[in-house]
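S.K.: Pasting a structure here, questions to come.
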Amino acid sequence: MIQLTLDEVAELAPGQLQVAPGASRVTGLQTDSRRVAHGDLFVAVRGGVEYVEDALAHGAAAALVPGDAHAALAALAGRVRERSGARFVAITGSMGKTSTKDILSAICSPQRRTVAAERSYNAEIGVPLTIGRVGPDTELCILELAMRGFGQIAELCSFARPHVGVITNIGPVHLEKVGDLEGVARAKGELVAALPPGGTAVVPSDFAVGRADLEIVRIGEDVRLVSFEPPTLVTSLGVVEVGFTARHLAENALTALATAHALGLEAPERLRVEFAEWRNQELPLPGGGVLVNDAWNANPVSVRAALAHLVALADGRRTVAVLGEMAELGAYTEEGHSEVRRAVRELGIDEVIAIGPHARAYGGRWAADRDEALTVLDELLRPGDCVLVKGARILGLEHIAEALTSVRA
C-alpha cells in the first residue's frame, strides 16, 4: 500500500487508535486479524474490536476502532487513491461482474502491475481493502462495485474515482430495492455519471449514456463476438484460445477484452483464468460426471444461462439441476421463478431438486433446505450425471457442491 502516516490515519478516521511501539506509519490495510502482516493498519469492523490485540501481535503497526467503520475505510482508501498514479477500472453489472473482473485481471496482469479485487470484494469494506493493496508502483487497479440500491455505487465512486467504468449487463437483480429494470439501469448508471471528463465507459449496446465528454465502447456494436467454439473465441478484436466452455463466460470475456483494448493493452493468444470460488467451477464426479458449482448467487437470466451450459456440457448425459430459490426480486418474484420453470422445460433438464419456498415453482423434487436436498441427491444421483448447483447466496448451496465432491470423489 502507498504509505500513510499515523497522524494521517488519526486525522482521516477518528476513533480509538492503538499504536505499536516505534510505529509511525502504516503500509497495508486489513479488517481480518488473521491476514495482518507487519506494518498493516487493522481496522476493527463489526465485532473486530475483540481482535485488536491479536492484530497487534501479528505485527500490525496500529489498530483502529473507528467511530464509523465504513466512513473510516472510505477516507483511508480515498487518500491512497489520491496519491496513486495508477489507472482505475470499476466494473458493475447485474451478472458476470466478478467473472469479468477475473478475466480482465488475467489479461492485464502479464502486461501491467495490476491489483484486482479478491473474490467479491465489492462493497463498503471490500472496495477500500482492494484500494489498500495499491502500491507506489501499481499501474492498474481493477475494482468490482456492488449495487443493493440507489446511491451505493455513487458512494463507492466518490473515493474510488475510476477512470474507466464497465457495465456488464442490466438484469432483474435487487428489484426489491430499485423497483424495475429501469431502476437497475439508473443505479448502475451512477458509475458512468462518476467518470471524469475524457474517461471511458464500456457498456451494453442498448445502455443509454447521456454524456458527450466520454469515450463510449458499446459491446455488441463497437466490439463484437463473432463465434465461440471452445476453446476458440473469435471476436472483432482477434482470436483467443480460452480455458472455459460456457457461452456466458465468452460474453464476459468479450467485455474484458474490450476494456483491455480501451486501456491500450493487447489481447493474449491464450487466456487462462482462475475464477473466484463458487462461480463456474467444473469439478469431476464419478463415472465421467461433472459438477458445475455456480452457487454464489442466482437470478432468472443467470439461471437460464447456467442451465444451457449444463446441457451443452452434458452432451447427452443425464442432467441434474439443484436450484435454490432466488432472492431480492421484489414484485418480480413470482414471474422470475416461473421463468426458471420454463427454462427447465425448454432445455429438457432431466432432474430438478428445488430448494426453498419460492423454488416450488420449478417443479421436480422439492427440498426445504440444503440438508434435505443432499438426502434427495443421495437417492437420485447416478455415475456419469452432470450436476448444476445454483441459488440465492443466502442459501449457502456451496455446501452441497462441497459435499458432493468430498463424498463422491
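S.K.: When the accessible area of the chain is split by element with a 1.4 Å probe, what percent falls to carbon and sulfur?
M.R.: In the chain, the share of accessible area belonging to carbon and sulfur is 48 percent.
S.K.: Still on this structure, I have one more. Karplus couplings for the range 155-171 from phi (6.51 cos²θ - 1.76 cosθ + 1.60, θ = phi - 60°), rounded to Hz, Gly and Pro as x?
M.R.: 5, 5, 5, 4, 10, 7, 6, x, 8, 10, x, 10, 10, 6, 5, 10, x
S.K.: Quick one: what are the phi-derived ³J(HN,Hα) couplings along the range 72-84, Karplus 6.51/-1.76/1.60 with θ = phi - 60°, whole Hz, x for glycine and proline?
M.R.: Calculated HN-Hα couplings, in order: 5, 5, 4, 5, 5, 5, x, 5, 4, 4, 4, 8, 8 Hz.
S.K.: So, one more: In Å², and per residue, what accessible area does the chain have when probed at 1.4 Å with the other protein chains present?
M.R.: 42 Å²
S.K.: Can you pull the one-decimal nm distance between simple spin-label points at residue 38 and residue 10, each 7 Å off the Cα toward Cβ?
M.R.: For residue 38 paired with residue 10, the spin-label model returns 2.5 nm.
S.K.: So between residue 241 and residue 211, what do we pick up on full extension, going 0.36 nm a residue minus the alpha carbon distance? Could the numbers behind the result be given before it?
M.R.: Values: separation 30, 0.36 × 30 = 10.80 nm, distance 3.56 nm.
Computed gain between residue 241 and residue 211 is 7.2 nm.
S.K.: Still on this structure: Kindly write out, for the range 131-144 in residue order, the coupling ³J(HN,Hα) from the Karplus curve 6.51 cos²θ - 1.76 cosθ + 1.60 (θ = phi - 60°), rounded to whole Hz, with x marking Gly and Pro.
M.R.: The phi angles translate into 4, x, 9, 6, x, x, 9, 5, 9, 8, 10, 10, 10, 10 Hz.
S.K.: Next up: How far is it, in nm, from the label point at residue 158 to the one at residue 27 when both lie 7 Å from their Cα along the line to the Cβ?
M.R.: 3.3 nm
S.K.: If you take the C-alpha gyration tensor of the range 132-273, multiply each eigenvalue by 5 and take the square root, what semi-axes do you get, largest first, in whole Å?
M.R.: 26, 19, 15
S.K.: Turning to a different aspect of this structure: Between residue 124 and residue 369, what is the label-to-label distance in nm when each label sits 7 Å out along the Cα-to-Cβ direction?
M.R.: 2.9 nm
S.K.: Quote the FRET efficiency, to the nearest 0.05, computed for residue 312 versus residue 3 with a Förster distance R0 of 60 Å and r equal to the Cβ-Cβ distance.
M.R.: Working from the Cβ atoms, E equals 0.75.
S.K.: If r is the Cβ-Cβ distance from residue 224 to residue 272 and R0 is 25 Å, what FRET efficiency results, to the nearest 0.05?
M.R.: 0.60
S.K.: So, in Å, what gap is there between the alpha-carbon centers of the range 41-58 and the range 219-294?
M.R.: So the separation of the two Cα centres works out to 39 Å.
S.K.: Go ahead and collect, in residue order, the members of the range 368-392 whose backbone nitrogen is under 16 Å from a label point 7 Å along the Cα-Cβ direction of residue 405.
M.R.: Output list for this probe position: 386-391.
S.K.: Follow-up question, since we're still on this one. Do the sum for the chain: with -39,500 (n - 2.57) for every DSSP H run of n ≥ 4, divided by all residues, what is the mean residue ellipticity at 222 nm, to the nearest 500 deg cm²/dmol?
M.R.: -10500 deg cm²/dmol
S.K.: Follow-up. Taking springs between alpha-carbon atoms closer than 10 angstrom, which of 232, 255, 100 fluctuates most in the Gaussian network model of the chain?
M.R.: In this elastic network of the chain, the residue with the biggest mean-square fluctuation among 232, 255, 100 is 232.
S.K.: Near the amide H of residue 62, under 5 Å away, which other amide H atoms are found, from residues 5 or more places off or on another chain, if H is placed in the peptide plane?
M.R.: Under 5 Å from the amide H of residue 62 lie the amide H atoms of 20, 42, each far enough along the sequence or on another chain.
The values are calculated or read from the model by the stated rules, or taken from the named source; none is laboratory data. This structure is a prediction, so every number in the text was calculated from the model and none was measured. Neighbour counts are summed over all protein chains in view; Cβ atoms, including those assigned to glycine, are modelled from backbone coordinates with ideal geometry. When the accessible area is computed, the model is the full protein with side chains, heavy atoms only, and any ligands, DNA or RNA have been set aside. Shrake-Rupley method; radii C 1.70, N 1.55, O 1.52, S 1.80 Å.
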